[in-house]
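Below is one structure, written out as structure tokens; the observations come after it.
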Amino acid sequence: MKDYSLKINGQNYNVQIDEVNEASTVAHVTVNGTPYEVEIAGASSAAASKPQVAPAPREANSGMITPSTAAPAAKPAAAPTAGGSVVKCPLPGTVLSLKVAVGDKVAVGQTLVVLEAMKMENNIDAAAAGVVKQILVQQGATVMEGDSLIVIE
């Protein structure tokens, strides 16, 4: 039991804290001779705060886990036409913008696609001169390394 003398808004109070139950959030308090059962706001019970840890079953040995042999599903995409130069995606990312349209003439080094990868904007440039025959991606598309982006003839 603990005794306290409190002054709240100019009023004196004699407070005795008789019992605090650690298994719950309830305390038994006497204020100026009147007993109260008080719930402690913002407190959590000690019983609830102690997590119970159980060992993993023996049969859950990580050495016995085998990877799935199923191949990942192929991503449906337009197939590039025969012939011409195919511009491939050099790294995974998101297509921010297309800088050319079908039928445009392009020069070596001209920016074709702006790709966001690793929070950076990357220009994908033409490796060959020619005419854009096919655009295989659209703005906002997520692309993987090696995906075909544009066909130039």
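Just so you know, all these numbers are worked out from the coordinates, no wet-lab data involved. In this text the structure is predicted, and so the values were computed from the model without any measurement. Heads up, the Cβs are rebuilt from the backbone with ideal geometry, glycines too, and the neighbour counts pull from every protein chain shown.
What to note about this one:
- Placing R0 at 25 angstrom, the Cβ-Cβ distance between residue 108 and residue 145 gives a FRET efficiency of 0.65 after rounding to 0.05.
- The gain in end-to-end length when the residue 125 to residue 9 segment is fully stretched comes to 34.2 nm, 0.36 nm per residue minus the alpha carbon separation.
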